[in-house]
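The values are calculated or read from the model by the stated rules, or taken from the named source; none is laboratory data. Predicted model, so just to flag it, every value in this text is computed and none were measured. Positions of Cβ are backbone-derived with ideal geometry, glycine not excepted, and every protein chain shown enters the neighbour counts. In case anyone asks, the SASA skips ligands and DNA or RNA and just uses the protein heavy atoms, side chains included. Shrake-Rupley method; radii C 1.70, N 1.55, O 1.52, S 1.80 Å.
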Amino acid sequence: MTSVINAVLDAELLRRGIYFPISIDLKKPHLAVFGSSGSGKTYASQLLLAKAVLNSAKLVVADFKGDLEFSFLAKQEHFYRFERVGLFFDFVSDTLLKNRQSGQDKSKSLIICFIDEMSAYFTMLEKKERDIRIRQLSRILMLGRSFNIHVWISQQRPDAEYFGKSRENIHNILLLGSFSKEVLNMLLSDDKDVVNRRQSRGKGYLISSGEATKEIVVPIYNIAKVQSKILEGMYKSSEAVDSE
Ligand SMILES: Nc1ncnc2c1ncn2[C@@H]1O[C@H](COP(=O)(O)OP(=O)(O)O)[C@@H](O)[C@H]1O
Ligand SMILES: [Mg+2]
(Lines give C-alpha, C1' and ligand atoms only; values in the text may rest on other atoms or scores of the structure.)
(Ligands and ions follow the chains in the order given, each with its own letter.)
Protein backbone atom coordinates (compact mmCIF):
# COMPACT_ATOMS: atom_id res chain seq x y z
CA MET A 1 0.00 0.00 0.00
CA THR A 2 1.30 3.43 -0.88
CA SER A 3 1.38 6.20 1.65
CA VAL A 4 0.05 8.91 -0.62
CA ILE A 5 -3.49 10.05 -1.10
CA ASN A 6 -4.72 11.44 -4.37
CA ALA A 7 -7.59 13.65 -3.39
CA VAL A 8 -7.03 17.01 -5.06
CA LEU A 9 -6.51 17.88 -8.74
CA ASP A 10 -3.82 19.93 -10.47
CA ALA A 11 -5.54 23.25 -11.30
CA GLU A 12 -3.33 24.13 -14.25
CA LEU A 13 -3.92 20.82 -15.97
CA LEU A 14 -7.62 20.95 -15.15
CA ARG A 15 -7.89 24.21 -17.10
CA ARG A 16 -6.69 22.20 -20.10
CA GLY A 17 -9.26 19.51 -19.41
CA ILE A 18 -6.85 17.04 -17.84
CA TYR A 19 -7.79 15.41 -14.53
CA PHE A 20 -4.45 14.91 -12.84
CA PRO A 21 -4.29 14.18 -9.11
CA ILE A 22 -1.74 15.76 -6.82
CA SER A 23 -0.46 13.45 -4.11
CA ILE A 24 -0.38 14.26 -0.44
CA ASP A 25 2.19 12.18 1.39
CA LEU A 26 0.70 10.60 4.51
CA LYS A 27 4.20 9.98 5.84
CA LYS A 28 4.65 13.71 6.28
CA PRO A 29 3.02 14.42 9.57
CA HIS A 30 0.21 16.83 10.17
CA LEU A 31 -1.95 18.85 7.86
CA ALA A 32 -3.77 22.13 8.12
CA VAL A 33 -6.61 23.41 5.96
CA PHE A 34 -6.99 27.18 6.00
CA GLY A 35 -9.65 29.32 4.34
CA SER A 36 -12.41 31.75 5.12
CA SER A 37 -15.89 30.58 5.99
CA GLY A 38 -17.49 28.87 3.00
CA SER A 39 -14.17 28.29 1.18
CA GLY A 40 -14.70 24.53 1.33
CA LYS A 41 -12.53 23.45 4.29
CA THR A 42 -14.95 20.91 5.71
CA TYR A 43 -15.79 19.58 2.25
CA ALA A 44 -12.10 19.13 1.39
CA SER A 45 -11.28 17.66 4.81
CA GLN A 46 -13.94 14.97 4.52
CA LEU A 47 -12.58 13.87 1.15
CA LEU A 48 -9.03 13.73 2.53
CA LEU A 49 -10.20 11.78 5.59
CA ALA A 50 -12.05 9.22 3.46
CA LYS A 51 -8.97 8.76 1.26
CA ALA A 52 -6.84 8.28 4.36
CA VAL A 53 -9.20 5.52 5.51
CA LEU A 54 -8.64 3.81 2.15
CA ASN A 55 -4.98 3.82 3.20
CA SER A 56 -5.92 2.12 6.49
CA ALA A 57 -5.85 5.19 8.73
CA LYS A 58 -8.03 5.23 11.83
CA LEU A 59 -9.80 8.49 12.67
CA VAL A 60 -10.61 10.54 15.73
CA VAL A 61 -12.74 13.59 14.92
CA ALA A 62 -13.68 16.82 16.68
CA ASP A 63 -16.00 19.50 15.38
CA PHE A 64 -16.31 22.56 17.56
CA LYS A 65 -19.01 24.35 15.62
CA GLY A 66 -21.02 21.16 15.47
CA ASP A 67 -22.39 21.90 12.07
CA LEU A 68 -24.56 19.34 10.37
CA GLU A 69 -21.66 18.16 8.20
CA PHE A 70 -20.44 15.77 10.88
CA SER A 71 -23.79 14.74 12.34
CA PHE A 72 -23.37 11.33 10.67
CA LEU A 73 -20.75 10.62 13.36
CA ALA A 74 -23.02 11.55 16.25
CA LYS A 75 -23.04 8.09 17.83
CA GLN A 76 -19.32 7.44 17.47
CA GLU A 77 -17.25 6.98 20.61
CA HIS A 78 -14.39 9.11 19.29
CA PHE A 79 -16.33 11.95 17.76
CA TYR A 80 -16.21 15.07 19.91
CA ARG A 81 -18.38 18.13 19.43
CA PHE A 82 -19.25 21.37 21.24
CA GLU A 83 -18.12 21.35 24.85
CA ARG A 84 -16.70 17.83 24.46
CA VAL A 85 -13.87 19.05 22.20
CA GLY A 86 -11.61 19.29 25.25
CA LEU A 87 -11.95 15.52 25.61
CA PHE A 88 -10.57 15.16 22.10
CA PHE A 89 -7.30 16.74 23.26
CA ASP A 90 -7.30 14.62 26.43
CA PHE A 91 -7.84 11.43 24.46
CA VAL A 92 -5.27 12.11 21.75
CA SER A 93 -2.56 13.54 23.97
CA ASP A 94 -3.07 11.69 27.24
CA THR A 95 -4.34 8.32 26.01
CA LEU A 96 -3.35 7.59 22.39
CA LEU A 97 0.03 9.28 22.45
CA LYS A 98 0.93 8.26 26.01
CA ASN A 99 0.03 4.62 25.36
CA ARG A 100 2.35 4.54 22.37
CA GLN A 101 5.11 6.38 24.23
CA SER A 102 4.97 3.98 27.15
CA GLY A 103 4.91 0.94 24.87
CA GLN A 104 1.51 -0.17 26.17
CA ASP A 105 0.25 0.27 22.60
CA LYS A 106 2.94 -1.19 20.40
CA SER A 107 1.21 -0.62 17.09
CA LYS A 108 2.44 2.06 14.77
CA SER A 109 -0.63 2.11 12.57
CA LEU A 110 -1.63 5.57 11.40
CA ILE A 111 -4.18 7.47 13.46
CA ILE A 112 -5.42 10.78 12.12
CA CYS A 113 -6.94 13.16 14.64
CA PHE A 114 -8.98 15.79 12.85
CA ILE A 115 -10.35 18.95 14.40
CA ASP A 116 -12.64 21.25 12.46
CA GLU A 117 -12.70 24.96 13.34
CA MET A 118 -9.91 24.64 15.89
CA SER A 119 -9.17 28.31 16.44
CA ALA A 120 -12.86 29.04 16.99
CA TYR A 121 -12.67 26.54 19.82
CA PHE A 122 -9.49 28.04 21.32
CA THR A 123 -10.93 31.55 21.13
CA MET A 124 -13.89 30.51 23.21
CA LEU A 125 -11.86 29.03 26.08
CA GLU A 126 -10.84 30.73 29.29
CA LYS A 127 -7.11 31.35 29.44
CA LYS A 128 -6.39 28.57 31.90
CA GLU A 129 -7.97 25.84 29.82
CA ARG A 130 -6.65 27.35 26.61
CA ASP A 131 -3.09 27.02 27.91
CA ILE A 132 -3.70 23.37 28.74
CA ARG A 133 -5.10 22.64 25.29
CA ILE A 134 -2.26 24.52 23.56
CA ARG A 135 0.25 22.43 25.49
CA GLN A 136 -1.52 19.21 24.52
CA LEU A 137 -1.65 20.31 20.88
CA SER A 138 2.04 21.14 20.72
CA ARG A 139 2.87 17.79 22.33
CA ILE A 140 0.94 15.99 19.62
CA LEU A 141 2.47 18.14 16.88
CA MET A 142 5.97 17.50 18.16
CA LEU A 143 5.77 13.83 19.11
CA GLY A 144 3.10 12.61 16.71
CA ARG A 145 5.51 11.89 13.90
CA SER A 146 7.43 9.24 15.86
CA PHE A 147 4.25 7.48 16.93
CA ASN A 148 2.28 7.83 13.73
CA ILE A 149 -0.38 9.98 15.31
CA HIS A 150 -1.10 12.89 13.01
CA VAL A 151 -3.22 15.98 13.60
CA TRP A 152 -5.27 17.48 10.83
CA ILE A 153 -6.55 20.94 11.62
CA SER A 154 -9.08 23.08 9.82
CA GLN A 155 -9.55 26.73 10.67
CA GLN A 156 -10.05 30.08 9.03
CA ARG A 157 -6.81 31.93 9.64
CA PRO A 158 -3.28 30.51 9.66
CA ASP A 159 -2.07 32.61 12.61
CA ALA A 160 0.67 31.13 14.70
CA GLU A 161 -1.16 32.15 17.87
CA TYR A 162 -2.19 28.66 18.92
CA PHE A 163 0.60 26.69 17.30
CA GLY A 164 3.55 28.66 18.60
CA LYS A 165 6.78 27.13 17.40
CA SER A 166 5.11 23.83 16.74
CA ARG A 167 3.58 25.09 13.48
CA GLU A 168 6.81 24.09 11.71
CA ASN A 169 5.83 20.51 12.46
CA ILE A 170 2.88 20.79 10.09
CA HIS A 171 4.20 19.54 6.77
CA ASN A 172 1.13 19.90 4.58
CA ILE A 173 -0.98 23.02 4.22
CA LEU A 174 -4.05 23.35 2.06
CA LEU A 175 -5.09 26.95 1.50
CA LEU A 176 -8.58 27.36 0.04
CA GLY A 177 -10.49 30.29 -1.41
CA SER A 178 -9.35 33.91 -1.40
CA PHE A 179 -6.79 35.06 1.11
CA SER A 180 -5.15 38.28 2.31
CA LYS A 181 -1.70 39.70 1.58
CA GLU A 182 -0.85 38.91 5.18
CA VAL A 183 -1.55 35.21 4.58
CA LEU A 184 0.39 35.36 1.31
CA ASN A 185 3.43 36.67 3.19
CA MET A 186 3.01 34.16 5.96
CA LEU A 187 2.63 31.00 3.89
CA LEU A 188 3.66 31.70 0.33
CA SER A 189 6.39 34.32 0.48
CA ASP A 190 8.55 32.40 -2.02
CA ASP A 191 5.75 32.19 -4.56
CA LYS A 192 4.43 35.74 -4.24
CA ASP A 193 4.70 36.55 -7.92
CA VAL A 194 2.99 33.47 -9.27
CA VAL A 195 0.19 33.08 -6.79
CA ASN A 196 -3.37 34.29 -7.38
CA ARG A 197 -4.94 35.42 -4.10
CA ARG A 198 -8.46 35.46 -5.50
CA GLN A 199 -9.56 31.87 -5.59
CA SER A 200 -13.07 30.55 -5.49
CA ARG A 201 -14.56 27.90 -3.22
CA GLY A 202 -12.74 24.57 -3.41
CA LYS A 203 -9.70 26.07 -5.16
CA GLY A 204 -6.36 27.09 -3.77
CA TYR A 205 -2.85 25.87 -3.02
CA LEU A 206 -1.15 22.84 -1.56
CA ILE A 207 2.03 23.74 0.30
CA SER A 208 4.02 20.65 1.28
CA SER A 209 7.43 20.89 2.86
CA GLY A 210 10.24 20.04 0.47
CA GLU A 211 8.03 20.38 -2.59
CA ALA A 212 7.00 23.12 -4.98
CA THR A 213 3.70 24.81 -4.12
CA LYS A 214 0.90 23.56 -6.33
CA GLU A 215 -2.33 25.18 -7.39
CA ILE A 216 -5.14 22.72 -6.76
CA VAL A 217 -8.85 22.11 -7.12
CA VAL A 218 -10.93 20.00 -4.74
CA PRO A 219 -13.15 17.88 -6.97
CA ILE A 220 -16.87 17.37 -6.47
CA TYR A 221 -17.51 13.95 -4.97
CA ASN A 222 -20.25 11.67 -3.71
CA ILE A 223 -20.89 12.84 -0.15
CA ALA A 224 -22.71 9.68 0.97
CA LYS A 225 -19.83 7.46 -0.14
CA VAL A 226 -17.20 9.66 1.46
CA GLN A 227 -19.07 9.88 4.74
CA SER A 228 -19.61 6.13 4.92
CA LYS A 229 -15.85 5.63 4.40
CA ILE A 230 -15.14 8.07 7.25
CA LEU A 231 -17.61 6.22 9.47
CA GLU A 232 -15.89 2.93 8.67
CA GLY A 233 -12.52 4.41 9.64
CA MET A 234 -13.52 5.77 13.05
CA TYR A 235 -11.20 4.63 15.81
CA LYS A 236 -12.78 2.19 18.27
CA SER A 237 -11.25 1.65 21.69
CA SER A 238 -12.31 -2.00 21.66
CA GLU A 239 -10.06 -2.64 18.63
CA ALA A 240 -7.00 -1.09 20.20
CA VAL A 241 -5.83 -4.28 21.87
CA ASP A 242 -5.84 -6.41 18.73
CA SER A 243 -4.38 -3.84 16.35
CA GLU A 244 -1.07 -5.01 14.86
N1 LIG B 1 -14.81 21.68 -4.01
C2 LIG B 1 -16.13 21.86 -3.91
N3 LIG B 1 -16.94 21.54 -4.93
C4 LIG B 1 -18.28 21.72 -4.82
N5 LIG B 1 -18.90 22.19 -3.72
C6 LIG B 1 -18.15 22.52 -2.66
C7 LIG B 1 -16.73 22.38 -2.71
N8 LIG B 1 -16.23 22.78 -1.54
C9 LIG B 1 -17.28 23.15 -0.80
N10 LIG B 1 -18.43 23.01 -1.46
C11 LIG B 1 -19.78 23.36 -0.92
O12 LIG B 1 -19.70 24.70 -0.45
C13 LIG B 1 -20.32 24.86 0.82
C14 LIG B 1 -19.30 25.39 1.85
O15 LIG B 1 -18.25 24.45 2.03
P16 LIG B 1 -17.68 24.09 3.47
O17 LIG B 1 -16.75 22.97 3.29
O18 LIG B 1 -18.78 23.90 4.43
O19 LIG B 1 -16.88 25.44 3.80
P20 LIG B 1 -16.10 25.81 5.17
O21 LIG B 1 -15.95 24.56 5.96
O22 LIG B 1 -14.78 26.36 4.70
O23 LIG B 1 -16.91 26.86 5.83
C24 LIG B 1 -20.88 23.49 1.18
O25 LIG B 1 -22.23 23.47 0.84
C26 LIG B 1 -20.12 22.52 0.30
O27 LIG B 1 -20.88 21.40 -0.03
MG1 LIG C 1 -16.61 24.09 7.85
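Annotation: amide H-H contacts under 5 Å for Asp105 (H modelled 1.01 Å from N, sequence separation of 5 or more, or interchain): Arg100.
Across His171, His30, the residue with the most accessible area heads the list, and the full order at a 1.4 Å probe is His171, His30. For Lys106, which lysines qualify as cross-link partners when the Cα separation must be under 23 Å and same-chain residues fewer than eight apart are set aside? Straight-distance partners of Lys106: Lys27, Lys28, Lys58, Lys98, Lys236. Counting only DSSP beta bridges with both residues in the chain, tell me the antiparallel percent, nearest 5. Restricted to the chain, the bridges split so that about 40 percent are antiparallel. These residues, Lys27, Lys51, go from largest to smallest accessible area, 1.4 Å probe, as Lys27, Lys51.
The alpha carbon gyration tensor of region 1-133 gives principal lengths a ≥ b ≥ c with a/c of 1.5 or higher and a/b no greater than b/c, which makes the shape oblate. Using modelled backbone amide H atoms (1.01 Å from N, in-plane), which distant-in-sequence or interchain residues come within less than 5 Å of Ile216's amide H? Those lying under 5 Å, H to H, from Ile216 are Ala11, Gly204, Tyr205, Leu206. Determine, from the Cβ-Cβ distance of Ser237 and Ser200 and an R0 of 51 Å, the FRET efficiency 1/(1 + (r/R0)^6), rounded to the nearest 0.05. Given R0 = 51 Å and the Cβ-Cβ separation, E is 0.80. Might you work out the accessible area of Leu143 for me, using a 1.4 Å probe with all protein chains in place, and round it to the nearest 10 Å²? It works out to around 50 Å². Karplus-derived 3J(HN,Hα) values for region 58-64, using 6.51 cos²θ - 1.76 cosθ + 1.60 with θ = phi - 60°, are 9, 10, 10, 10, 10, 9, 5 Hz; glycine and proline are entered as x. 3J(HN,Hα) couplings calculated from phi for region 170-184 with the Karplus curve 6.51 cos²θ - 1.76 cosθ + 1.60 (θ = phi - 60°) are, in sequence order, 8, 9, 10, 10, 10, 10, 10, x, 6, 9, 7, 4, 4, 5, 4 Hz; Gly and Pro show x.
Taking the convex hull of the alpha carbon positions in the chain and averaging its projected area over all directions gives 13.0 nm². Surface listing: Ser102, Ser23 arranged by accessible area from highest to lowest gives Ser102, Ser23, probe 1.4 Å.
When both region 177-220 and region 59-129 are represented by their alpha-carbon centers, they are found 27 Å apart. In plain terms, the bigger the Kirkwood radius, the slower the diffusion; for region 1-66, with that radius from Cα pairs, at 37 °C and 0.692 mPa s, Stokes-Einstein puts D at 244 µm²/s.
Think of a 1.4 Å ball rolled over the protein heavy atoms: the chain then has 49 Å² of accessible area per residue. Of the beta bridges in region 5-116, as assigned by DSSP with both residues counted there, near 30 percent are antiparallel.
Residues in region 14-23 carry Karplus couplings, in order, of 4, 4, 9, x, 9, 8, 10, x, 10, 7 Hz; the curve used is 6.51 cos²θ - 1.76 cosθ + 1.60 with θ = phi - 60°, and Gly or Pro positions show x. Once neighbouring chains are kept in place and the probe is 1.4 Å, which whole percent of the accessible area of region 5-74 is contributed by carbon and sulfur? Ligands and nucleic acids excluded, carbon and sulfur reach 55 percent. In a simple Cβ point-charge model (Lys, Arg +1; Asp, Glu -1; nothing else charged), the chain has a dipole of about 120 debye relative to its Cα centre. Heavy-atom surface analysis with a 1.4 Å probe gives region 78-204 a carbon and sulfur content of 47 percent of its accessible area. Taking all protein chains as shown and a probe of 1.4 angstrom, Ser189 keeps an accessible surface of around 60 Å². Neighbours of Asn99, meaning other residues whose beta-carbon lies under 10 angstrom from its beta-carbon, give a summed charge of +1 when Lys and Arg score +1 and Asp and Glu score -1.
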